[in-house]
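The values are calculated or read from the model by the stated rules, or taken from the named source; none is laboratory data. No experiment lies behind these values; they were computed from the predicted model shown. Note that each Cβ is placed from the backbone with ideal geometry, even for glycine, and that neighbours are counted across all protein chains shown. Just so you know, the surface numbers come from the protein's heavy atoms only, side chains and all, with ligands and any DNA or RNA stripped out. Shrake-Rupley method; radii C 1.70, N 1.55, O 1.52, S 1.80 Å.
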Amino acid sequence: MKNEKNLAPRPGFVLDVDRTSPPVLFHHGDTFKLEKLPAGRSRVIYPPEPLEGLRDPDSAIRHALENPIGDSEPLSALLRPDMKLTIAFDDISLPLPPMRRPDIRQRIIEAVLDLAAEAGVDDVHLIAALAIHRRMTEDELRHAVGDRVYDAFAPSGRLYNHDAEDPEGMVVLGETPHGEDVQFSRRAAESDLVVYVNINLVSMDGGHKSTATGLSGYTGLRHHHNVHTMRNSTSFMDQENSELHASNWRMGKVIRDAGVKIFQIETTVNNNTFGRSGPLAVLQKREWEWSARDRASFVAMQKGLDVMPSSARRQIFNSWEAPYEMTSVQAGEVEAVHKITTENVYKQQIVEVEGQTDILTMGLPYISPYNVNSVMNPILVMCLGLGYFFNMYRGKPLVREGGVVIMSHPTPWEFHSVHHPSYIDFFEQVLADTTDPIEIERKYEKQFAEDEWYIHLYRNSYAYHGVHPFYMWYWGSHALEHLGRVIIVGGDSSAVQRLGFQSASTLPDALEMASDVVGPQPTITHMKNPPIFLADVK
Amino acid sequence: MKALEFRRNIPRYAAARLAGSFTPGRGSGVGPIRLVDADLPELPNQDWEIVRPRLSGICGSDLATIDGKSARYFEPLVSFPFIPGHEVVGDLQDGTRVVLEPVLGCLSRNIDPPCKSCQDGQLGNCEYVTFGEISPGIQTGSCCDTGGGWSIAFAAHTSQLHPVGKDLSDEAAVMIEPTACGVHAALSTGIEPEGTVTVIGSGTLGLVTISALRSYFPDVKILATARYPHQKSLALDLGADVAIAPNEIKRAVRRMTKSRAISLSTEDGNVDRLTGGSDAVIDCVGSSESITDALSVTRPRGKIVLVGMPSSVNIELTPLWHREIQLVGAYTYGTEKLADGSVARTFDLAADLVDSAKLDRLLSAVYPLSRYQDALEHAASAGHRGAVKIAFDLRSEKERDLL
Ligand SMILES: [Zn+2]
Ligand SMILES: [Zn+2]
């Protein structure tokens, strides 16, 4: 048997579908489908294979902390006994799916704490920089930072979730030249040093966004989490052309000018989402390379999933932890660090693609950044497809203007009432009225953002902030403006209709419906994602 | 003359109850109602006149009676056999077009002095509906002596008759009686000018109530539950600010009133009841579920007005007690006191409202008496079939001209 790990990972690949091409695996929520794409006018984009991980991540981390990038002293030189130190870290939305222990955050935080202990720093706080996401549970925090760190800091109240609605806990540091309020965690603002621990899963993550967004709240976020910004971010995954990026960078400057010293630590992972071997490995293989054993294991998995209730399927997938490996770590001054990180993300994720097609198809998986250990409700389906997948491009979208996106997902009319209470209201009230992002923003955002009950649930329970579903919708607003039609295959038709999309029971039906918009014999691109890739469209 | 007669016949009544529990309105097929050749009613005295109906509406209370679902409570208050029909626009012998105010109070019963309620102009509350010169019956359409609207002709006391202006169509005029119920319910809330009202149900009663609320309280916030799309759009057209599906009521009232919520399970984020809620809730359904919903979304010291005819219901009353909620009925109409202190008869207010809000649009279909089974089935499934009010049309009945 060949040992695949010893072969050099292959770059991404664009397959032109012909008559001999095998059916393509589509993710479909917590199940899968094998779909035949029309020969002669379809192409499938495959992500690059997983890069090798760093052989010794812990020493790479120690090396990065002592050999900073850009205008920064080594971390040990920044630490002194009487200082206030705050370590902020990415929340449950990163990486996706959650990774196997030890989580990268644990490795880094332990290394930082070792240095802090050596320097005699006593006043250390650890904050999950979740902005207006839901709070992390104890289990989730333990998974991220490790039991040793959790037990040392959480009981004494020095490890906690960021609370953007704590009137005492938030400050406005100033305003950008564009009139954007820069709202920030008071603890972080009053610290002598903020160490930020990133997992940069996609190119949007990290940089000034880590702190300017992660440690902010509605007062600050509303300046870039809005329809205007999202429509001027083409795409938000491409820093050169992202208004979201520009706004966060303006805010980062205000934070720096206010005297907040940040030591940024960024890491990249490979895209080994489902494993090189094991029960899900087949999901990251190219179909024509499936062995008889792969086919058998896929069929067995399909059969097993088919007879399970969806709650059981959800439980199985929610328990999947990705065997991600760290491919790089860099630390120091925010912008210099982020430049290198972005190159490292691109190294794993870029696939060069020639031109656009009439139709873009995608098989949406069971997970998005906002339903870890939760339910993928219809609003998150929209956001994953039109917010994330659609925007995984540099240059121009994979689908032409006026084209059609076809997403495959069961899209059940189902919500997690603890995590997504305001989503239920958004779906029942807002989308029943309009799906136009501009009108939604104008008519309803303030009401939801200021709703006291949502604020109570965000602060005390495990709820996303009341305004969060709006941001999900804005995330898709660039796609909504660009596209002529959106079709969901295999979804709950009333939920799909509420989203303002069309419902098709099979992919051929959907292609037929799409040709009403783009004409007969349309060209088709399928994104074979996940694992994640970023299309560089020429 | 042709008439639809309702007879007390216990076995048939039981059969109707059974059939009605499967298909609403189906009670008309097997139940106690049938088309008969009835005699023209005798006039009890010179204050009575013969009315020949032009249009005669089918009311939810009629359907409940036919399907055997109305409460035993009414049995002593009616006299058999009776001819239903109390939403009537018709002609007097001299050609005057009139609408019927169907309550059979002390005046029509020739009771002097009248009961306290009738003295106060609250006709609907008459205490003596089983006494006087005519047989028991709360309204025309439930008394064996007067006949009723589902026939070629019936007898009415002159005090029950309101002439209809030339400009008002028959279709509009037949909506005055149900609209009067809505006007009475709306005014019963006693709501503050900028308060919040929730209307449960957007059938005929719900819709006329919404229209009345909007007309007398221009600045209140109105939320309506509506099961069907046409009900939703009518509710919004007639003045509701928000119209939502019935199962969305708790979350929707919470949003409207900026209340917090309580979950009964351990699942935060579920809305099982509100901490605050609507100042008033008008329940146009009258079921255990609707009243329970009403109790979950009414603020402390708020008011629930029951307009839909309830029957036997099973409700947890602890919230009523703990939150000091008032639960009041709104039956028919009488005399209203308006916000500016003026006093008016509900029927006159209703006639104005039907005209100004164009409530004739709520009349969806008419049937001849001979197709009464189709008519009753249509009325019983009106919402489902995209309709609101169904009525009998007697204008082209040949017998009419023989009288
Ligand atoms: Zn009635
Ligand atoms: Zn009386």
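General remarks:
- Sorting A:147-158, B:58-69 by average packing, meaning the other beta carbons within 10 Å per residue, from highest down gives B:58-69, A:147-158.
- Relative intensity, log₁₀ I(q)/I(0), of the protein assembly as shown from a Debye sum that treats every alpha carbon as a point, q = 0.04, 0.06, 0.08, 0.09 Å⁻¹: -0.27, -0.56, -0.83, -0.95
- Residue-by-residue Karplus 3J(HN,Hα) for the range A:14-25, coefficients 6.51, -1.76, 1.60, Hz, glycine and proline x: 10, 8, 8, 6, 10, 4, 8, 5, x, x, 9, 6
- Split chain A at each of the GluC sites (Glu not before Pro) in a DSSP loop with at most 11 other beta carbon atoms within 10 Å, and the longest piece is A:169-353.
- Crossing angle, helix A:57-66 versus chain A [Cα axis fit, 0-90 degrees, rounded to tens]: 50 degrees
- The count of lysine pairs in chain B with alpha-carbon distances below 19 Å, taking only pairs 8 or more places apart or on different chains, stands at 15.
- A Cβ-based charge dipole, computed about the Cα centre of chain A with Lys and Arg at +1 and Asp and Glu at -1, lands at about 1560 debye.
- Divide the volume of the convex hull around the Cα atoms of chain B by the residue count and you get 137 Å³ per residue.
- Cα-based helix-to-principal-axis angle, B:346-356 vs chain B, degrees rounded to 10: 80 degrees
- Cα lying deepest toward the dipole's positive end in the protein assembly as shown, options A:Ala463, B:Val197, A:Gly402, charges on Cβ: A:Gly402
- Assigned charges on the beta-carbon of Lys, Arg, Asp, Glu; chain B dipole about Cα centre (debye): 1260 debye
- Cα gyration tensor shape of the range B:180-354, rounded if a/c is under 1.5, else prolate or oblate by comparing a/b with b/c: prolate
- Our coupling estimate for the range A:268-276, obtained by passing each phi through the Karplus curve with A = 6.51, B = -1.76, C = 1.60 and θ = phi - 60°, is 10, 10, 6, 9, 7, 6, 10, x, 7 Hz, Gly and Pro reported as x.
- Computed Kirkwood radius, in angstrom, where 1/r is averaged over Cα pairs of the range B:49-162: 14.1 Å
- Sequence ranges B:165-172, B:384-391, A:470-477, B:104-111, ranked by mean other-Cβ count within 10 angstrom, highest first: A:470-477, B:104-111, B:384-391, B:165-172
- Reference-scaled alpha-carbon Rg (2.2 N^0.38 Å with N residues) for the range A:57-269: 0.97
- Whole-Hz ³J(HN,Hα) from phi, Karplus 6.51 cos²θ - 1.76 cosθ + 1.60, for the range B:375-380, glycine and proline x: 4, 5, 5, 4, 4, 6
- Residue (of B:Ser263, B:Val281, B:His322) at the positive-pole extreme of the range B:180-354, dipole from beta-carbon charges: B:Ser263
- Between A:His178 and B:Ser381, the simple spin-label model (points 7 angstrom out along Cα→Cβ) gives 5.8 nm.
- Note on B:Ser56: accessible area approximately 0 square angstrom, rounded to 10, probe 1.4 Å, nucleic acids and ligands left out.
- Inter-chain neighbour count for A:453-465: the average number of beta-carbon atoms from partner chains within 10 Å of each residue's beta-carbon is 2.
- Of all lysines in the structure, those lying under 22 Å Cα to Cα from A:Lys33, and not within fewer than 8 positions of it along the same chain, are A:Lys285, A:Lys303, A:Lys528.
- Computed over chain B, the per-residue total of -39500 (n - 2.57) for DSSP H runs of n ≥ 4 gives a 222 nm mean residue ellipticity of -7500 deg cm²/dmol, rounded to 500.
- Accessible surface of A:Val194, taken over heavy atoms with a 1.4 Å probe and every protein chain present, rounds to 0 Å².
- Computed FRET value (nearest 0.05) for A:Asp16 with A:Glu240, which takes r as the C-beta separation and R₀ as 25 Å: 0.30
- Nearest 10 degrees, 0 to 90: helix B:176-188 Cα axis against chain B principal axis: 30 degrees
- Heavy-atom accessible area for A:Thr229, with the other protein chains in place and a 1.4 Å probe, reaches approximately 10 Å².
- Charged-residue dipole, Cβ positions (Lys, Arg, Asp, Glu), the range B:180-354 about Cα centre, Debye nearest 20: 240 debye
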